[in-house]
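Trainee: Encoded as structure tokens, here's the structure I'll be asking about.
The values are calculated or read from the model by the stated rules, or taken from the named source; none is laboratory data. Keep in mind the model is a prediction, meaning the values are calculated, not measured. Please note: Cβ atoms are built from the backbone with ideal geometry, for glycine as well, and neighbour counts cover all protein chains shown.
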Amino acid sequence: MSEEWSGPIIVLGKGVPRYSNTYGCLTCCLAGVSEEKRWIRLYPVFLEPVLSSIKPIEVFDVIRVILRDNRPEPIRPESRKIFPEFIEKIEHITDKKTRSDILCQYTEPGDFLHDNSWRGKKTLGLIKPLSAHFWLTKENVPMVRFMCGSSCKGHSCEIGEYMKFDDVGRVLHQGDAQLEQQLLALNNKELGFVMGTLQRHPSRWLLISIHSIG
């Protein structure tokens, strides 16, 4: 165990909840950027207060952690395994311009969604989607279809951060008129998508978080 705390990490996305048999609670991963201006994926993060030291972590929190394994995955180079009981919240970024500046700084072309970047080169990134269209399926799953470049034929992704889960991580397919209106409102905004890959399906890209850039 390293006894040193990491430098500041700005949280830009949270993965969907997963129940951990090891820890006996819901966990997730965090996607953020480090002080070295690099993308970083942190896990496991407890979503339940199983210990008194566990505090909720939100997008645009600035945190520091104690690392358990600096390279736990050969294919996903950004991944870092942490001690979930040692996450310290330093501050929360509330200023809209500061948030927008951070998002613009890390926005890049979506080429990495189409090449072999997932093979150990790049598995996290922020893109500006083109022609994004949002909707709810018949099962009330929030979805988006978008392009990441002029030659892109389109991507379709579930929007995990807008979904509801039970205490063991199962999706709750419940109708929500407010959610539908929330999705429709996104159709006319300038957005940024945090994209990442799955450990079990390394070539599959997921939408981790949606940001309003404008």
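Trainee: If S156 passes every condition in (1) surrounded by 11 or more Cβ atoms within 10 Å (Cβ to Cβ); (2) touching a strand residue (DSSP E or B) at 6+ places or on another chain (Cβ under 6 Å); (3) modelled with pLDDT of 95 or more but one, which one does it miss?
Mentor: (1)
Trainee: Hey, another quick one. Do any residues in the range 186-210 that are touching a residue at least 24 places away in the same chain (Cβ under 8 Å) have Cβ atoms under 7 Å from those of residues that are part of a loop (DSSP other than H, G, I, E, B) and of a type in the set (G, A, S), where the two are at least six apart or on different chains, and which pairs are they?
Mentor: As it stands, the answer is K189/G214; E190/G214; I208/G15, since those pairs meet every condition given.
Trainee: Check whether at least one residue in the range 10-28 is surrounded by 19 or more Cβ atoms within 10 Å (Cβ to Cβ), basic (K, R) and not assigned by TED's automatic domain parsing to the domain that holds D166, and report yes or no.
Mentor: Yes, some residue in the range 10-28 is surrounded by 19 or more Cβ atoms within 10 Å (Cβ to Cβ), basic (K, R) and not assigned by TED's automatic domain parsing to the domain that holds D166.
Trainee: Exactly one condition in (1) closer than 25 Å to R170 by Cα; (2) among the polar types (S, T, N, Q); (3) touching a strand residue (DSSP E or B) at 6+ places or on another chain (Cβ under 7 Å) is not met by S53; state its number.
Mentor: Tallying (1) closer than 25 Å to R170 by Cα; (2) among the polar types (S, T, N, Q); (3) touching a strand residue (DSSP E or B) at 6+ places or on another chain (Cβ under 7 Å), S53 fails exactly one: (1).
Trainee: Can you tell me which residues in the range 45-85 are aromatic (F, W, Y), in contact (Cβ under 8 Å) with a residue 40 or more places away in the chain and under 17 Å from Y23 (Cβ atoms)?
Mentor: In the first step, residues of the range 45-85 are kept if they are aromatic (F, W, Y); the result is 46, 60, 83.
Restricting the remaining residues to those that are in contact (Cβ under 8 Å) with a residue 40 or more places away in the chain gives 60, 83.
Listed by number, the list holds a single entry, F83.
Trainee: Can you confirm whether L184 is out of contact with any Pro (no Cβ under 9 Å at 6 or more places or on another chain) and not charged (D, E, K, R)?
Mentor: On the way: out of contact with any Pro (no Cβ under 9 Å at 6 or more places or on another chain): yes; not charged (D, E, K, R): yes.
Considered against the rule, which asks whether it is out of contact with any Pro (no Cβ under 9 Å at 6 or more places or on another chain) and not charged (D, E, K, R), L184 comes out as yes.
Trainee: Taking the range 167-189 as the region of interest, how many residues are part of a loop (DSSP other than H, G, I, E, B) and under 18 Å from the mean Cα position of the chain (by Cα)? I'd like the intermediate steps shown before the answer.
Mentor: Start the filter on the range 167-189 by keeping residues that are part of a loop (DSSP other than H, G, I, E, B), which leaves 167-170, 172-176, 187-189.
With under 18 Å from the mean Cα position of the chain (by Cα) added as a condition, the list becomes 169.
Qualifying residue count, the range 167-189: 1.
Trainee: Of all strands (runs of 3 or more DSSP E) completely enclosed by the range 46-127, which ones contain at least 2 residues that are modelled with pLDDT of 95 or more and over 25 Å from Q199 (Cα atoms)? Even if it seems obvious, please write down each step before you answer.
Mentor: Working: elements: 61-69, 79-92, 124-127.
Once the strands (runs of 3 or more DSSP E) in the range 46-127 are filtered for at least 2 residues that are modelled with pLDDT of 95 or more and over 25 Å from Q199 (Cα atoms), what remains is 79-92.
Trainee: Which one of these is over 19 Å from C29 (Cβ atoms), small (G, A, S) and in contact (Cβ under 8 Å) with a residue 24 or more places away in the chain: G160, G149, G154?
Mentor: On the way: G160 fails: over 19 Å from C29 (Cβ atoms); G154 fails: in contact (Cβ under 8 Å) with a residue 24 or more places away in the chain.
G149 is the lone residue from the list that is over 19 Å from C29 (Cβ atoms), small (G, A, S) and in contact (Cβ under 8 Å) with a residue 24 or more places away in the chain.
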